Amino acid sequence: MSRTTPPGAPTAFFPVNIGSLRDDLVTGFSLYLPGAGGAPPVLYRDASLPFSPEARERLVRNAVDELLVPRSERRAWLKYTETILPAYLADQAVPVRDRATLLYESAQTLVQEALSSPDTGALVEMSRHASGSMAEFLLREPKALHELMQLTSYDYYTYTHSVNVFVYSVSLAGRLGMPAAEMDQFAHGALLHDIGKRRIDAGIVNAKGGLTDAQWEQMKQHPTHGYEILRAHGEASELALDVTRHHHEKLNGRGYPDGLAGEEISPWARITTIADIFDALTTKRSYKDAMDTFLALGFMKDKMWDEIDRDFFRVFVSMLARDS
């Protein structure tokens, strides 16, 4: 998916790479060709038809590597990716770049749905299954982080931020040697760490400038809201709930919502905090430009040294230096 056309952009379609479509499998969603010269997209394949090897060959011959899916059929596309994702991400015959692209596309759409759809329970369950497969790919493939960093959206949306934080968090946890048995739970919490923002007024979440004191107090409730939403929709993992509730806590005790300090903050929450801060600094918002990686890391070291886990941060810097 293009960095410049994230799933939240005001368009009736979103692109999918033909490499992510499985041969002879009915998609359940319609596929369109981009219109020539600004013309509307043209229906290429009905939702009831399988995507055939012959169709793929014709598209490749005509240098078409992306098709369009109506945004109204986004849920059908998510169900399709839920079905194919584990095997696709594990398929060594598929280039790492293509697998990373599908991961990033599906994760963004999944989080966006979780943030906006009334069917929260189904989305939480769907994300639980998907996040485990995604984490396994990140930890298994040496080039996965590098490829995903090339796909990162540098324009801030809550759902792109959530995916970026997931990618950085799982990668850092892997390099820190965190217990593999707990990684699926952590991955789910990291992916949905900002789901509580669905209860915050959109005008506050998407504010184009600084927040008033009253608005900031509302914003500071999103970790608690996220904790409550996940618990209400069947999240039984205390680890995932901890990451969702405590990703804004600071080691000096000045974070929120619970004002935890030092060892009161779990290693998992400390990892997510580093990833969350770094992505917030390196993405562009209406009121600020994005920092480059070097400046963002320097800012964290100079201005936040008493807030973050220093040992984890050093590993994070080393990880980015290798994979940028």
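Simple point charges give the picture: +1 on the Cβ of Lys and Arg, -1 on the Cβ of Asp and Glu, and for the chain a dipole about the Cα centre of about 660 debye. What is the log10 of I(q)/I(0) for segment 92-181, computed with the Debye formula using one identical point scatterer on each Cα and no solvent, at q = 0.16, 0.18 Å⁻¹? Cα-only, vacuum Debye calculation for segment 92-181: -0.65, -0.81. Taking the convex hull of the alpha carbon positions in segment 141-272 and averaging its projected area over all directions gives 8.8 nm².
When only Cα pairs below 8 angstrom with a gap of at least 6 residues are kept, the chain shows a relative contact order of 14 percent.
Only lysine pairs 8 or more places apart, or on different chains, with alpha-carbon atoms under 25 angstrom apart are counted in the chain, and they number 23. With distances taken between every two different alpha-carbon atoms, segment 198-324 has a Kirkwood hydrodynamic radius of 15.8 Å. For the chain, the fraction of 1.4 Å probe accessible surface lying on carbon and sulfur atoms is 53 percent. Here, segment 3-115 has an Rg and a Dmax of 13.5, 39 Å when only alpha carbons are counted. With protein chains left intact and a 1.4 Å probe, residues in the chain average 44 Å² of accessible area per residue. The solvent-accessible area of Thr158, taken with every protein chain present and a 1.4 Å probe, is close to 20 Å². Residues whose amide H falls under 5 Å from that of Phe13, counting only those 5 or more places apart or on a different chain, are Arg71, with hydrogens built in the peptide plane. Looking at segment 119-216, the trypsin sites (Lys or Arg not before Pro) that sit in a DSSP loop and have at most 14 other Cβ atoms within 10 Å of their own Cβ are Lys143, Lys208. In the chain, the C-alpha radius of gyration followed by the widest Cα-Cα span (Dmax) gives 19.8, 60 angstrom.
The values are calculated or read from the model by the stated rules, or taken from the named source; none is laboratory data. Treat the numbers as computed from the prediction; the structure is a model and nothing was measured. Ideal geometry is used to build each Cβ from the backbone, glycine not excepted, and the neighbour counts take in all protein chains shown. SASA here: full protein model, heavy atoms, side chains in, ligands and nucleic acids out. Shrake-Rupley method; radii C 1.70, N 1.55, O 1.52, S 1.80 Å.
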